[in-house]
Structure formats: structure tokens, C-alpha cells
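Structure, as C-alpha cells:
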Amino acid sequence: MAGDTVLVINSGSSSLKFQLVEPDSGEALAGGIIGEIGEPSGRAADHEEALRLAFTQLAEDGIDLKTCGLSAVGHRVVHGGKAFYRPTLLDDDRIAELEKLSELAPLHNPPALQGIKVARKLLPDVAHIAVFDTAYFHHLPAAAATYAMNRELADRYQIRRYGFHGTSHQYVSERAAAFLDRPLDSVNQIVLHLGNGASASAIAGGRPVDTSMGLTPLEGLVMGTRSGDIDPGVVSYLWRSANMSVDKIESMLNHESGVWGLAGERDFRRLHSMIESGNSSAQLAYGVFIHRLRKYIGAYLAVLGHTDVISFTAGIGENDALVRRDAVTGLGELGIVLDEDRNTADGKGVRRISADDSRVAVLVVPTNEELAIARDCMAALAQLEEFPR
Ligand code: AMP
């Protein structure tokens, strides 16, 4: 096989996604997901078994990791804290440092670390590189990154708005600028990453200036099972009055809230069918989701002052024409006019869904976090060759 390849691993608490990517061509050579890890119905008892299954699957697809030009294994790590914001070559010391960060992201970082350890054990002769979901937002302006709370406490506990889905926001904003045939630094953008997790970002001339997620991926938009913005008073109130532990409240806000919490369904395809059959909970959930999304669009139009392009991405953003319509309908006065035929037309790549006379271009831009991670890994390797550490 010609050219370098990178195996990208996204290790979550109950699933392990993997994809073998050729960064130069952008091609995904193979990949899959091993789900329900540790569950009785699942095929893998733990992450090690899951990764072994992934390798078996790759072998069945005719891929031999020893001869496929594997340059690196890229690991998606959700939280980089204040210290990690560049793709990082992993060794025992770095992993120990990363382990300390698990306190900041107890739901997300431990499974990634498990994936890293297992992958290093099974593929000891290749570089393992962590790419952080927070990295892109590391240099957010202080006014956007700072919570208005006791400063000494915030500093001591590294409390700031970190932002997540960074690889996606960066990748999509670069694709959007390229599609418009404009230099990245000349375009002001809003990127709406709407998947099971959802986040918005405002990007001025290629630099992120605000994003909706914060210390954790819980803040911001309404999501599949996460509440998004909520008065922190709810937490103390439930703790005091409903006799719920902090862990229970956190779990409720992450796993039993959002669209699912309101409608008992998180998949937007089924949510729309429920609405069509008159289900009022589904209608409410959709209404709350859209209302919050429009609030963020409005906020970011104001943060940017001038906006050139709004891009929709991820599972909902790329596929759900109704969400896209309802997110920007009636914003003609702000220069945003959708073309309903373009919006509902089938399409695969980057496409324009705004009318020709819309001052702000509205695009659908498929995200590709695996490719972005693979390219980050290659760039990190090239830098290491130049400046070995
Ligand atoms: P992601 O996290 O980016 O994989 O997005 C997953 C979510 O995208 C699913 O839970 C669905 O809500 C949504 N989704 C995927 N395909 C479609 C579709 N064709 N129409 C509407 N929503 C979709």
C-alpha cells in the first residue's frame, strides 16, 4: 500500500470507534465501531477485547497493520485541560499527566486513557498521539473563556470555558472557506455542530472567538441526552431538596436530559415521526432545541458583528433539513435567506443551501473528525522530526 496511514481511535466508555485513514488522499480505508463494551449483550468485555476485535475486523477487510504504512495511532481525547493543546506524542510521563486531568473530565477522559493504554500494548512499535477536543479553543479571548466567578477558586481548579468538538469546528471552518474560495483569515463564520453532542462556535478570520461548550461538554445547546445551559441553581436545589447526590445530578444532566429527557427519544428521525403523530412531548423537545439553537445563532451574529457564513455539520446538521430551516427561518433582516429547494435537496459534499441573494452564505459541510485527527498526527510527526524532543 502506498503512502502513510493513521489509525484513529475514539474510545468512549461503552464504545470504541476506529478508522484507518490515509491523510494525504483523505480516504478512509476501513473502520468500524465496537459497541456495548462491558455489557452482557456486547461482544467485548473490556476495551482490550474491543481493540482486538477491531484488529480482527481490519484483518477481515484485508488490512495488515504491519504492512499498511501505519505511521501513527491517533487518539481522540476529550479534555486537554490548560496544559495540552497540541497533538501530543504519548509516553508514560505524558499519560501520567493526562491521568491527573481525569478529574476535570471524569466522564470522558478515563475511557480514552483506557483505549490509549490498550493500543500502546497491542501496537508498541508505532507512535501514539493524543489529539484534544479542546485544543482549537485554547486561545479563546479571555472575555469568552472566563466564567464570572470567584477568580482565585477558578484559577486554583483550572475552571474556564474550554470548548469541545474543536477538531470538527476547525475542519468545517476550513472547508467552508475553501468552498467559498476565500482565505480563511478573511471570513467570519458560525459553525453549528449538531450531533448527539451539539456545539456552536463563532470564528473570526480563522480564530475561534466563542463557543457554546464550557468547562465540560455539558454547557450550551440542547443535545441528545445533555441539558446544555441550565441555571446552576438547579443543581444545588436538587441536591438539597431531592436528596440527590452530586454524581446522580451530573449523570441526570448528561444522560437523562436534553431531547431525550423531554421526549424519551434522542434520534431526530424518530422525533420528527413522533411530532407528526401529534406527540406533544416530542413537539416541546424540538421547540426547546430549536429555541436554544436560534439564541446561539443570534448571540454569535452579535459577537462577530459581521458574519459571512453559517455552516451546519454532524448527524443532525448534515441530514435534518427541518432543523436547518427552523434554525434560520425569518432571519432575512439579518441577511440570512434559505433556499428551501437547496435545503431539502439530497447531497453529499459541501453544499450551499442559502438563496443567491442571501448576504450570509448558509452551507452544509460534512465533518470528518477522523481525517482531521489523522492530519494533525502527521503534522505532529513532521514537527517532531524537525525538532525532536
Ligand atoms: P452524530 O453524533 O454526529 O453521529 O449524530 C447522531 C444524530 O444525528 C442521531 O442521533 C440523529 O439524531 C441524527 N441523525 C442522523 N441521521 C439523521 C437523518 N437522516 N435525519 C435526521 N437526523 C439524523
Quiz prompt | Positive minus negative residues near G214 (Lys, Arg vs Asp, Glu; Cβ under 10 Å) | solution = 0
Quiz prompt | Dipole in debye (nearest 20) - the chain, about Cα centre, beta carbon charges: Lys, Arg +1; Asp, Glu -1 | solution = 820 debye
Exercise. Mind running the shape call on segment 125-169? Use the C-alpha gyration tensor, a ≥ b ≥ c as the square roots of the eigenvalues: rounded below 1.5 for a/c, prolate if a/b tops b/c, oblate otherwise.
Key: oblate
Self-check item: Extension gain from D247 to D357, taking 0.36 nm per residue of separation minus the Cα-Cα distance
Solution: 34.6 nm
Exercise. Find out how many positive minus negative residues lie around L70, taking Lys and Arg as positive, Asp and Glu as negative, among other residues whose Cβ is under 12 Å from that of L70.
Key: -3
Exercise. Could you tally the net charge around L301, taking each other residue with its Cβ under 12 Å from the Cβ of L301, Lys/Arg +1 and Asp/Glu -1?
Key: 0
Practice problem: Provide the percentage of antiparallel DSSP beta bridges, counting only those with both residues in the chain; round to the nearest 5. | Solution: 60 percent
Quiz prompt | Mean ellipticity per residue at 222 nm, deg cm²/dmol - from DSSP H runs of n ≥ 4 across the chain, formula -39500 (n - 2.57) | solution = -12000 deg cm²/dmol
Self-check item: Lysine pair number, Cα distance threshold 18 Å (strictly under), segment 1-158, separation 8 or more or different chains
Solution: 5
Exercise. Please give the contour-minus-distance gain from S273 to T329: 0.36 nm per residue of separation, less the Cα-Cα distance, rounded to one decimal in nm.
Key: 18.0 nm
Quiz item: In percent, what relative contact order does segment 259-354 have, based on Cα pairs under 8 Å that are 6 or more apart in sequence?
Solution: 18 percent
Self-check item: Separation of the D64 and Q283 label points, Cα + 7 Å toward Cβ, nm
Solution: 6.2 nm
Self-check item: Nearest-0.05 FRET efficiency for H255 and D185, computed from C-beta distance (R0 35 Å)
Solution: 0.30
Quiz item: In terms of modelled amide H atoms, which long-range or inter-chain residues lie less than 5 Å from the amide H of L363?
Solution: I310, S311, F312, I353
Quiz prompt | Helix runs (DSSP H) in the chain reaching 18 Å along axis by Cα, Kyte-Doolittle at least 0.5 | solution = 280-304
Practice problem: Work out how much length D125 to A144 would gain on full extension: take 0.36 nm times their residue separation and subtract the Cα-Cα distance, in nm to one decimal. | Solution: 2.7 nm
Self-check item: Per DSSP, loop GluC sites (Glu not before Pro) in segment 243-286 with at most 14 further Cβ within 10 Å
Solution: E256
Practice problem: List the trypsin sites (Lys or Arg not before Pro) within segment 17-87 that fall in a DSSP loop (any state other than H, G, I, E or B) and whose Cβ has at most 11 other Cβ atoms within 10 Å. | Solution: K66
Quiz item: At what distance in angstrom do the alpha carbon centres of segment 162-237 and segment 307-367 lie from each other?
Solution: 16 Å
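Where a number appears in this text, it was derived from the coordinates with a stated rule and is not lab data. All values derive from a computational prediction rather than experimental measurement. Note: ideal-geometry Cβ built from the backbone for every residue, glycine included; neighbour counts use all protein chains shown.
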